[in-house]
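> Below is the structure I would like to discuss, written out as structure tokens.
The values are calculated or read from the model by the stated rules, or taken from the named source; none is laboratory data. Just so you know, these numbers come straight off a predicted model, no measurement behind them. With ideal geometry, Cβ positions are generated from the backbone for all residues, glycine too; neighbour counts draw on all protein chains shown. Please note that ligands, DNA and RNA were not included when accessible areas were found on the heavy atoms of the full protein model with its side chains. Shrake-Rupley method; radii C 1.70, N 1.55, O 1.52, S 1.80 Å.
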Amino acid sequence: MSRPPAVPDVAGADDGFGGAGPEPGSALAASPGPTAAGPARDGGPGRAKHRGRGTGDTRFEAVLENLRTRIRGLEFAEDLPGAAEGASARADVLHQLEDFVLPRVRRPDTPLLIAVAGSTGAGKSTLVNSLVGEQVTTTGVRRPTTNSPVLACHPDDVDWFSEASFLPTLPRVRQQGLAMPGKDGMLVLAASESMPKGVALLDTPDVDSAVAAHHEFAAKFLDAADLWVFVTTSRRYADARVWEFLQVARDRDTSMAVVLSRVPARGRQQLLDHFGAMLEANGLGGASRFTIPETDQIEGERFTSNVADPIRFYLADVAGDLSERARVSRRTFIGVIDSFRNRVPELARQVEVQVEVGQGLEASVRSAYGEAADEISEALEDGSLLRGNLLARWQDIAASGELMRTLRLRGKRKAKAAEAAAPRVEALQEAVRGALEALVVAAAQRASDRVAESWAQVPGGARLAEACEGEGADGFPARVRTAVAEWQDTVASMITADGATKRSVAKFVTFDKEAFTLVLIVELLGYPRLDEARRGSGPSPQRLLKGLFGAESLRSIGVAARDDLRGRIGGLLSTEKARFTDALSAAGLPGEDDAVQLYQATYNLEIAR
């Protein structure tokens with residue numbers, strides 16, 4: 001699809017800018033060129049048909065709808081890399097799709113929207129009133145850096161600019177009588193018989209307002225416009241904010257006219273030359289240019305002289321000539337569609353940035369808790385858990401011979417032995433629980449610290465990690481203790497289920513299941529791998545166990561008990577790990593498929609256009 005030629009310069013005098021016109025005028029519709037009369041909705045001479053692709057191109061509309069759906073479904077995790085850029089790019093493309101492209105595809109009779117935008121104090125409102133021919137917007141100190149834009153249009157077009165068709169999320173009010181500003185953030189609709197049908201003038205907030213929301217609001221309106229009339233002053237034309245907006249118009253090939261206002265007589269030519277050179281250097285040499293001199297000839301919030309006539313005649317020619325109106329609108333439309341070739345892939349790249357960040361954060365969680373599981377497994381295998389209090393308790397009860405007597409005696413003698421051994425058995429049982437709990441809690445804490453340290457290396461990651469600290473972490477030691485106690489009960493059940501009771505009756509008549517469970521657990525915790533010096537005196541757990549179990553039965557119970565313990569510990573670590581993975585899921589990170597779908601949507605758009 002080829003682009004139409006650029007809008008030609010409208011020059012006045014010998015400086016390349018529009019000067020004072022020879023004929024005074026009072027309204028945009030009062031043009032020496034063709035008139036803009038015609039029916040409001042019937043496609044007659046007052047309307048430019050098929051300014052976009054037209055309602056008949058259902059495939060093109062479907063592709064655009066799909067692109068909008070993909071973009072609307074995107075989420076970005078706040079504070080993480082790519083979030084601000086991604087959210088900005090998402091809003092930028094989505095607003096232009098919803099507010100400019102799709103309305104013009106669905107309805108070819110969309111009114112031509114001319115946005116008057118620019119710097120603070122540039123006289124935009126005065127210019128708008130002068131172009132319309134009556135006061136439709138307030139100026140000066142009564143409307144300083146306001147965020148209540150005013151849209152002037154013919155009464156027949158007011159309904160089109162209702163919430164149903166134009167910027168549906170923006171509240172608006174219809175102006176009654178003398179122009180008055182609306183509330184902050186509200187669009188004022190000003191119906192005027194002076195406006196030609198099918199054309200609207202929009203007085204936007206200042207692009208360089210001290211309030212960030214104001215220039216963001218201005219950008220939203222510019223994204224919805226067919227033609228920009230950008231007004232800046234002789235004092236502010238070099239400001240960075242001005243050129244940010246002008247460069248956006250250049251990159252999107254937006255139809256645009258540039259007005260330099262408040263130009264003093266002294267040094268006039270030097271100012272015009274410099275401004276013109278800046279336009280040329282920034283690729284905007286083809287924009288129509290106009291000049292408004294510094295003047296106090298203002299009455300009723302309009303220029304009393306003919307200083308605005310060249311701008312009015314230019315816009316009247318655009319509004320009154322259907323082919324020119326269509327050309328201006330079509331140029332902007334095609335420029336926006338062309339810009340999606342870069343803007344949508346750039347959005348996809350920001351999605352990829354967040355996907356990569358999310359994958360990195362998730363990988364650090366897997367790595368940290370994988371290391372924790374390995375640490376615990378190694379400690380359970382190499383006997384390192386049998387140290388300190390736990391080993392001392394085992395050596396105490398094994399050397400005393402009370403454990404052996406508890407296992408082998410019966411009747412009253414067994415009861416007395418069990419009673420005598422009870423304190424040592426309970427102490428050993430508590431030592432086992434304490435050692436396992438300390439092992440798991442310490443490993444999990446180290447994993448949590450490693451995750452927090454790793455996440456802190458990513459901008460925004462520290463805040464995300466801090467949000468995980470209180471979510472279930474405080475109750476982790478209690479859950480570990482419960483899990484260990486339940487595991488001890490399970491091991492006791494395994495002994496009974498294996499038939500050890502019957503074999504013990506045959507060999508020793510009876511045995512104490514609780515004490516025997518402790519013997520088996522000490523064996524499972526790696527006692528055979530201790531060196532001789534650390535084992536101490538007394539019988540080994542394996543010697544006691546073989547008195548009741550055969551080798552095969554003992555091996556089977558040991559494997560089942562270890563697997564059960566690893567499963568419980570794995571579940572505990574998974575719960576801890578979920579604090580971080582759930583935080584990642586709740587953060588709103590986009591998915592890998594989101595970027596792929598955006599690239600595909602861009603390709604589909606190229607095919608459909």
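> For a test of the definition: using alpha carbon positions, the gyration tensor, and the 1.5 limit on a/c, classify the range 194-318 as rounded, prolate or oblate.
Rounded, since a/c falls under 1.5.
> Between residue 574 and residue 85, what length in nm is gained on full extension when 0.36 nm per residue of separation is reduced by their alpha carbon distance?
172.7 nm
> In nm, to one decimal, how far is the modelled label at residue 193 from the one at residue 371, with both set 7 Å along Cα→Cβ?
8.1 nm
> With every protein chain left in place, what is the accessible area of residue 323 in Å² (1.4 Å probe, nearest 10)?
80 Å²
> Give, in nm to one decimal, the length gained when the segment between residue 384 and residue 438 is fully stretched (0.36 nm per residue of separation minus the Cα-Cα distance).
18.2 nm
> If I take R0 = 22 Å and measure r between the Cβ atoms of residue 556 and residue 489 in this structure, what FRET efficiency does the formula 1/(1 + (r/R0)^6) give, to the nearest 0.05?
After rounding, the FRET efficiency stands at 0.70.
> Mark the label point 7 Å from the Cα of residue 600 along Cα→Cβ and return the residues of the range 337-365 whose backbone N is within less than 18 Å of it.
Answer for the range 337-365: 344-349, 351-352.
> Let me ask something else. About the Cα centre of the range 263-368, how large is the charge dipole given +1 on each Lys and Arg Cβ and -1 on each Asp and Glu Cβ? Please answer in debye to the nearest 20.
The dipole of the range 263-368 has a size of about 280 debye.
> Could you compute how much accessible surface residue 58 exposes when probed at 1.4 Å, giving the result in Å² to the nearest 10?
100 Å²
> Also, I was wondering about something else. How long are the three semi-axes of the equivalent ellipsoid for the range 549-609, computed from the Cα gyration tensor as the root of 5 times each eigenvalue, in whole Å, largest first?
Over the Cα atoms of the range 549-609, the semi-axes work out to 52, 17, 4 Å.
> Something else about it: Post the alpha-carbon centroid distance, the range 64-96 to the range 561-581, in whole angstrom.
If you average the Cα positions of each part, the centres end up 37 Å apart.
> Using a simple spin-label model with points 7 Å from Cα along the Cα→Cβ vector, what separation in nm is obtained for residue 593 and residue 170?
Label at residue 593, label at residue 170, 3.5 nm between them.
> Grab the Cα-Cα distance for residue 66 and residue 107, subtract it from 0.36 nm times how many residues apart they are, and report the gain in nm with one decimal.
Extending this stretch completely gives an extra 12.9 nm.
> Hey, can you rank 269-276, 247-254, 347-354 by average C-beta count inside 10 Å, highest first?
For the peptides 269-276, 247-254, 347-354, the packing ranking is 347-354, 247-254, 269-276.
> Can you bin the range 247-386 into rounded, prolate or oblate? Criterion: square roots of the alpha carbon gyration tensor eigenvalues sorted a ≥ b ≥ c, rounded for a/c under 1.5, prolate for a/b above b/c, oblate for the rest.
Prolate, since a/c reaches 1.5 and a/b exceeds b/c.
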